[in-house]
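Enquirer: Here it is, the structure, as structure tokens.
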Amino acid sequence: MALKSSIPGSPCGLSRAAGLLLCLLIAGCTPFPALEARIGPEARRAPYPALLPMDALLARRGTERLAPEAADEMQARVARLRARARALAARPVLSPAERARLLSALRALRG
């Protein structure tokens, strides 16, 4: 008895569940990335971070994390980034020659 396919036009007669299972099995066969090679010697020698009780973390939640002098520096950086964004937005992304080439290719694809 053949399985009835729930995928229209499926030549193999696989159900969706069987297809999903097959994809998961294939994905499970991929090699695990070599993460150990990415850890530098300094990080390997570093001590583990201290674990703090949740109450201590919640008590520190309201404390200020940014020094007042750093706030001025941060505002200056924000102003520089906004000015840079305005300058980038004001100039075209494509040169006229690139734009013409892309429009020509688009017209050719349309027909």
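The values are calculated or read from the model by the stated rules, or taken from the named source; none is laboratory data. In this text the structure is predicted, and so the values were computed from the model without any measurement. Neighbour counts are summed over all protein chains in view; Cβ atoms, including those assigned to glycine, are modelled from backbone coordinates with ideal geometry.
Enquirer: Look at Pro68 and say whether it is at pLDDT below 90, exposed (fewer than 10 other Cβ atoms within 10 Å of the Cβ), out of contact with any Phe, Trp or Tyr (no Cβ under 9 Å at 6 or more places or on another chain) and not hydroxyl-bearing (Ser, Thr, Tyr).
Expert: So Pro68 fits the description; yes.
Enquirer: Condition first: polar (S, T, N, Q) and surrounded by 10 or more Cβ atoms within 10 Å (Cβ to Cβ). Can you find one or more residues in segment 15-23 that meet it? Break it down stepwise before answering.
Expert: Keep residues of segment 15-23 that are polar (S, T, N, Q), which gives 15.
Subset that is surrounded by 10 or more Cβ atoms within 10 Å (Cβ to Cβ): 15.
There is at least one residue in segment 15-23 that is polar (S, T, N, Q) and surrounded by 10 or more Cβ atoms within 10 Å (Cβ to Cβ).
Enquirer: Look at Leu103 and say whether it is in a helix (DSSP H, G or I), out of contact with any Leu (no Cβ under 8 Å at 6 or more places or on another chain) and either of a type in the set (Lys, Arg) or surrounded by 10 or more Cβ atoms within 10 Å (Cβ to Cβ) (or both). Break it down stepwise before answering.
Expert: Details: in a helix (DSSP H, G or I): yes; out of contact with any Leu (no Cβ under 8 Å at 6 or more places or on another chain): yes; either of a type in the set (Lys, Arg) or surrounded by 10 or more Cβ atoms within 10 Å (Cβ to Cβ) (or both): yes.
When the stated conditions are applied, Leu103 passes them.
Enquirer: So, Leu52, is that one touching a helix residue (DSSP H, G or I) at 6+ places or on another chain (Cβ under 8 Å) and not in a helix (DSSP H, G or I) or not? Talk me through it step by step, then tell me what you get.
Expert: Details: touching a helix residue (DSSP H, G or I) at 6+ places or on another chain (Cβ under 8 Å): no; not in a helix (DSSP H, G or I): yes.
No.
Enquirer: Using beta carbons and a limit of 9 Å, which pairs, at least six apart or on different chains, have the first residue in segment 70-92 and at negative phi and the second one assigned to a helix (DSSP H, G or I)?
Expert: Pro92/Arg99
Enquirer: Is it fair to say Arg86 is basic (Lys, Arg), at pLDDT 80 or above and either surrounded by 10 or more Cβ atoms within 10 Å (Cβ to Cβ) or in contact with a Ser or Thr (Cβ under 8 Å, 6 or more places away or on another chain) (or both)?
Expert: Working: basic (Lys, Arg): yes; at pLDDT 80 or above: yes; either surrounded by 10 or more Cβ atoms within 10 Å (Cβ to Cβ) or in contact with a Ser or Thr (Cβ under 8 Å, 6 or more places away or on another chain) (or both): no.
Judged against the criteria, Arg86 is not a match.
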